[in-house]
Amino acid sequence: MKRMIGVAAAAVFTLAGTALAGEKVTLQGEVLDSACYLAEGEKGKAHEKCAQMCLKKGVPAALLTDDGKVLLLTAKHGSEALYDELKKLAAQRIEITGERIEKGGMAAIQLETIKGINVSSPSSEKHAEEGHMGGHMH
């Protein structure tokens, strides 16, 4: 009996540090373009222009969290403006709030807020339109 209680207590402490599917979470990390990160580990300021271009072309955005996990970032229907703002923040550290979703082994955050972004005001496009900064093709 004591062993069973110990195992159950260990499971509770393990789950306490893990976000469960459907749970609202707030996370910090770096915005990635998933193609370059998964294929070649590309991230950081040195990859910023390439990542911006990839995201603009439709490569899915991801978040590299401070604890090293990578989560796909998605938008609810009707929240496309928020996702468009996210694409401009490639290679930058952000804080997001959203619902954690898991299906078929894939984990994602459905965005609700991005710290420091006012979606209702237009923002300027700062990145270059031409030239791919990486040595790989998409």
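Details
- Each residue in region 43-59 was checked for being surrounded by 15 or more Cβ atoms within 10 Å (Cβ to Cβ) and out of contact with any Gly (no Cβ under 6 Å at 6 or more places or on another chain), and 11 of them qualify.
- Boolean, residue 69 is within 17 Å of the chain's Cα centre (by Cα), exposed (fewer than 14 other Cβ atoms within 10 Å of the Cβ), closer than 16 Å to residue 30 by Cα and at pLDDT 95 or above: yes
- Flag if residue 39 is of a type in the set (Gly, Ala, Ser), out of contact with any Asp or Glu (no Cβ under 7 Å at 6 or more places or on another chain) and modelled with pLDDT under 95: no
- Residue list for region 78-115, restricted to those being more than 20 Å from residue 22 (Cβ to Cβ) and either assigned to a strand (DSSP E or B) or in contact (Cβ under 8 Å) with a residue 60 or more places away in the chain (or both): 91, 92, 93, 94, 95, 114
The values are calculated or read from the model by the stated rules, or taken from the named source; none is laboratory data. Quantities reported herein were computed from a predicted structural model and do not represent experimental measurements. In this analysis, Cβ positions are derived from the backbone assuming ideal geometry, glycine residues included, and neighbour counts consider all displayed protein chains.
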